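Comments concern the structure below.
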Amino acid sequence: MKKIFPSKLIKKNFNANQFLKLRKFLSSQGIIIKKKSTFKFGFEKFKTLYLTGISSVLIILVAFIIPIFSEISPKVSKISKFNESNKKFKKVLEGQDLANKSKIDEGLDLSNILEDVFKFEDLPQDTVRLSASTIEQLFRDTNYSLNEVRKSKKVKPIRLSLLPNEIKQIENTKKRKNLFIQIILPLILEENNLIILDRKKLFSILNKNKNSKKEKNWLNRKFKQYGVLNKDIATLKVRMDIIPVSLAIAQAAKETGWGTSRFALEGNALFGQWTWSGDGIKPAGAESDTKHKVMKFKVLKASVRAYQRNLNTHSSYKNFRQMRAQLRDDSEKLDSLLLADQLDNYAETGKEYTKILKQIINQNSLKDFDDVKLMPLSVKYKNLI
């Protein structure tokens, strides 16, 4: 039986009796007439408006919800990274080796790491060695004293090339120590400043989307200078960093007897670095078959630079660099007492050597010098250092 819905069957001259007869007739033929409901929600008329509104609501909800979920992953990753960093830091403190878990700071190309150190050999031969009394007077005339440095946190840029021979004749221990520190402090700070400037330039280059030819050439020089293999940026960042002033002073004091050793006075060797080739000083009392010598330098500054390059590149001090990098990642100060523990490979006495270094640092309050600044030689570098 069919059903029809006359919507506009009769508009004018509507006759109810005729309509009833028609409906009865059609019903007898199996056709039922029903009046189509005229009650509507206006959906057809406002269909586009409804769909647009619903779509807009859905888009707003999606735009609101997606950032919430996208933020979860970085936060979790950051927390995970932080926890992992703490675990690594703890392992380093406990003396565990992380080398197997990372390829960063692996390998060393020795061909160019001391090239800039050897350039000091080209200096004029007439370097004057000042007497201890002359140096002391120079320091008084320039108002350069360690007490003043501790107060002002500023160091006069007085760079001496040689230690005075008379330093070993100064009987007053405190006076001898102070003179030694006054001489080498500006040299250590100057070398640290050069590294700081290089480090700033490195991060500036890495933050650029495109680097100039000049910047690329600079990077290549630094890769060679730090013995980095395969131009590995991560390794360069780990190696290109300063040595805390207090630690450098302590090692120089230990290796030279506060400037009185033959190696320091004859070869400007402040840190007792060994060499198996080239010019050097053979240790007194060494056996005839001893092949190593103590490296000698033309000026004290060359010794400081070679020392920093040694700690920043040699595989024996990888744990030292790992801890330093971890302190950087954790936004902590470079603590010389913590870092000293990682230098047990520097001397044959191992852990006993690190204990002595920490004693020297503590007994002489050397950490007071870790945050001092070297006064610039010119206004040009005032804001850089």
* **Residues located in segment 134-159, provided they are polar (S, T, N, Q) and either at pLDDT below 90 or more than 20 Å from Val299 (Cα to Cα) (or both)** => Gln137, Thr142, Asn143, Ser145, Asn147, Ser152
* All positions within segment 145-163 that are surrounded by fewer than 19 Cβ atoms within 10 Å (Cβ to Cβ) and over 32 Å from the mean Cα position of the chain (by Cα) -> Ser145, Leu162
* Structure fact -> Here the residues within segment 315-340 that are touching a residue at least 40 places away in the same chain (Cβ under 8 Å) and part of a loop (DSSP other than H, G, I, E, B) are Asp330, Leu334, Asp335
* Members of segment 169-187 that are surrounded by fewer than 18 Cβ atoms within 10 Å (Cβ to Cβ), of a type in the set (D, E, K, R) and in a helix (DSSP H, G or I) -> Lys174, Lys175
* **Test for Asn312: is it assigned to a helix (DSSP H, G or I), within 20 Å of Leu187 (Cα to Cα) and either of a type outside the set (Gly, Ala, Ser) or at pLDDT 95 or above (or both)** => yes
* Structure fact -> Thr275: passes all of (1) closer than 17 Å to Glu348 by Cβ; (2) surrounded by 21 or more Cβ atoms within 10 Å (Cβ to Cβ); (3) among the hydroxyl-bearing types (Ser, Thr, Tyr) but (2)
* Can we say Phe297 is in contact with a helix residue (DSSP H, G or I) (Cβ under 9 Å, 6 or more places away or on another chain), part of a loop (DSSP other than H, G, I, E, B) and buried (at least 21 other Cβ atoms within 10 Å of the Cβ)? -> yes
* Asked: Of the residues Glu115, Glu106, Glu166, Glu136, which single one is loosely packed, with under 13 Cβ neighbours inside 10 Å, out of contact with any strand residue (DSSP E or B) (no Cβ under 6 Å at 6 or more places or on another chain) and either free of Cβ contacts under 8 Å to residues at least 12 places away in the same chain or acidic (Asp, Glu) (or both)?
  -> Glu115
* Looking at Ile188, Ile196, which is the one that is β-branched (Val, Ile, Thr) and over 17 Å from the mean Cα position of the chain (by Cα)? -> Ile188
* To do: Can you work out which of the residues in segment 356-369 that are within 27 Å of the chain's Cα centre (by Cα) and in a helix (DSSP H, G or I) is surrounded by the most Cβ atoms within 10 Å (Cβ to Cβ)?
  => Leu357
* To do: Enumerate the helices (runs of 4 or more DSSP H) found wholly within segment 188-257, keeping only those where 2 or more residues are under 26 Å from Val155 (Cβ atoms).
  => 245-256
* Where Leu123 falls short, out of the listed (1) within 20 Å of Gln308 (Cα to Cα); (2) among the aliphatic types (A, V, I, L, M); (3) modelled with pLDDT under 95 -> (1)
* Structure fact -> Reported set for segment 341-355 where residues are assigned to a loop (DSSP other than H, G, I, E, B) and polar (S, T, N, Q) is Gln342, Asn345, Thr349
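The values are calculated or read from the model by the stated rules, or taken from the named source; none is laboratory data. Everything quoted here is computed from the prediction, not taken from an experiment. Using ideal geometry, Cβ is built from the backbone for each residue, glycine included, and neighbour counts are taken over all protein chains shown.
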